[in-house]
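The values are calculated or read from the model by the stated rules, or taken from the named source; none is laboratory data. Just so it is clear, the structure is predicted and the values come from calculations on it, not from any experiment. Positions of Cβ are backbone-derived with ideal geometry, glycine not excepted, and every protein chain shown enters the neighbour counts. Ligands, DNA and RNA are excluded from the accessible area calculation, which covers all protein heavy atoms including side chains. Shrake-Rupley method; radii C 1.70, N 1.55, O 1.52, S 1.80 Å.
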Amino acid sequence: MVKSKPDRYQDLRDAVRALCAQFPDSYHREVDARRGYPEAFVDALTKAGWLAALIPQEYGGSGLGLAEASVIMEEINRSGGNAGACHGQMYNMGTLLRHGSAAQKQLYLPKIASGEWRLQSMGVTEPSSGTDTTKIRTTAVKRGDAYVVNGQKVWISRVQHSDWMILLARTTPLAEVQKRTDGMSIFMVDLRAAERSGMTVRPIANMVNHETNELFFENLEIPAANLIGDEGSGFRYILDGLNAERTLIAAECIGDGRWFIDRVTAYAGERVVFGRAIGQNQGVQFPIAEAHIEIEAADLMRFRACALFDAHEPCGAEANMAKYLAAKASWEAANACLQVHGGFGFAHEYDVERKFRETRLYQVAPISTNLILSYVAEHVLGLPRSF
Ligand SMILES: Cc1cc2nc3c(=O)[nH]c(=O)nc-3n(C[C@H](O)[C@H](O)[C@H](O)COP(=O)(O)OP(=O)(O)OC[C@H]3O[C@@H](n4cnc5c(N)ncnc54)[C@H](O)[C@@H]3O)c2cc1C
């Protein structure tokens, strides 16, 4: 492993690394090959309490900050694993924590902290609206003590391995609201009960081993008690959680980037062609050095975003910029790593092609690079709004 300077999180890093070391490359490779879910890995992380890091101690979590949570996610990816199997739990429960009623927090958070319930899913994206979330067509109409949900979602992850999902639906038609961001609400959906009464799950086969699905709702009834916060304010609540999500994803990219740098430096030092280590050639060295520099720079922005978030300061710009820089850096590291491995980079047994596929996702989801650039242009630089 390339030596990085010990930081103030070294004890935490060592503890997460020790757990991850029980799940070697061969474990993640085998799960990927059969397109399975890393059940044993996620269970071990849950039992150790790592996925409850952000849950306050009064609800049975460890009450750590976003900086620590991000280090946990980074170390999972740096170990060769993929936090995509379990990161939803980290940021989804933040929505509940900030906007749920006292009774809701008491009901859900201790069970999530203990691992009895998983809150791994968030249902926002729809096939027809894409990134333009205010145009979602899934509706929730109040009837007595329940909301009746109809519509469709796409790319909703971990539904088969979660007990609960936070669902965004329109409760007031777009034509009847003053601001297009008004009139949407969020709900806790009991996934197993929903599958029996109006929700159909259709898995999407995809490039990475990521359990993600199309969801169809036909008169699904959700108890009115499962509404989080005020009716009509759901979009704001979802936006609220995005800074944590982006910062945690940035940390995962940094973990991936460091994994690639570890692997590629080791390989470049060992592989001998034309009578010398390929790493002796500057044409081989430079893309690796460049990727390393960019990962380190992204890391600084990640910790700046964490510091602001943990101090309850606005951090939209920093969280978005951290995600942008980290996703770009990990992708450049992935490319360098694959290239330097030559043909062997394509062999499953080296794990490079698996991590290459996994880290590519972060340019698109959970937010695409263009949308980050658009955020920075409009909200940070004050350029005219484009959509
Ligand atoms: C594996 C995977 C897991 C996912 N998990 C979840 C999940 O759990 N929950 C969930 O709700 N969603 C999930 N998503 C959805 C994900 O958040 C979206 O795919 C992503 O936000 C991009 O939206 P889209 O696919 O609808 O692309 P579109 O909105 O159709 O955009 C397509 C492309 O056009 C670009 N584009 C669009 N408009 C503009 C513009 N005005 N200016 C410049 N460029 C533009 C975008 O940047 C993008 O590159 C997941 C997606 C994947 C692939």
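Brief remarks on what is shown
- Every listed requirement among (1) more than 23 Å from N206 (Cα to Cα); (2) open to solvent by 50 Å² or more (accessible area, probe 1.4 Å); (3) outside any loop (DSSP other than H, G, I, E, B) is met by P6 save one, (3).
- Considering region 183-220, the residues that are in contact with a Gly (Cβ under 7 Å, 6 or more places away or on another chain) and either part of a strand (DSSP E or B) or of a type in the set (D, E, K, R) (or both) include one that is surrounded by the fewest Cβ atoms within 10 Å (Cβ to Cβ), namely N219.
- Inside region 97-114, residues that are modelled with pLDDT under 95 and either within 16 Å of the ligand (Cβ to nearest atom) or in a loop (DSSP other than H, G, I, E, B) (or both) make up a count of 0.
- Counting only helices (runs of 4 or more DSSP H) that sit completely within region 286-387, those holding 3 or more residues that are within 16 Å of the ligand (Cβ to nearest atom) and over 17 Å from the mean Cα position of the chain (by Cα) correspond to 369-375.
- All positions within region 328-365 that are closer than 20 Å to N243 by Cα and open to solvent by less than 60 Å² (accessible area, probe 1.4 Å): A329, S330, T359, L361, Y362, Q363, A365
- Within region 124-154, considering residues that are surrounded by 14 or more Cβ atoms within 10 Å (Cβ to Cβ) and part of a loop (DSSP other than H, G, I, E, B), the one farthest from the ligand (Cβ to nearest atom): R137
- Exclusive hit being of a type in the set (D, E, K, R) and within 27 Å of R304 (Cα to Cα), set E214, E252: E252
- Residues considered: S162, S157. Of these, the only one that is buried (at least 22 other Cβ atoms within 10 Å of the Cβ), closer than 30 Å to D351 by Cβ and more than 9 Å from the ligand (Cβ to nearest atom) is S162.
- Remark: pairs (first residue in region 205-232, under 17 Å from R354 (Cα atoms); second residue assigned to a strand (DSSP E or B) and not aromatic (F, W, Y); Cβ separation under 8 Å; 6+ apart in sequence or on different chains) = N206/T212; H210/S157; E211/S157; E211/P203.
- The single condition from (1) of a type outside the set (A, V, I, L, M); (2) within 16 Å of the ligand (Cβ to nearest atom); (3) not in a loop (DSSP other than H, G, I, E, B) that R35 fails is (3).
- Scope region 285-300; condition open to solvent by 30 Å² or more (accessible area, probe 1.4 Å), in contact (Cβ under 8 Å) with a residue 40 or more places away in the chain and in contact with a Ser or Thr (Cβ under 9 Å, 6 or more places away or on another chain); matching residues: H292
- Test: residue in region 242-257 that is modelled with pLDDT of 95 or more, within 13 Å of the ligand (Cβ to nearest atom) and among the β-branched types (V, I, T): yes
- Scanning region 241-255 for residues being in contact with a Phe, Trp or Tyr (Cβ under 8 Å, 6 or more places away or on another chain) and not hydroxyl-bearing (S, T, Y) gives a total of 8.
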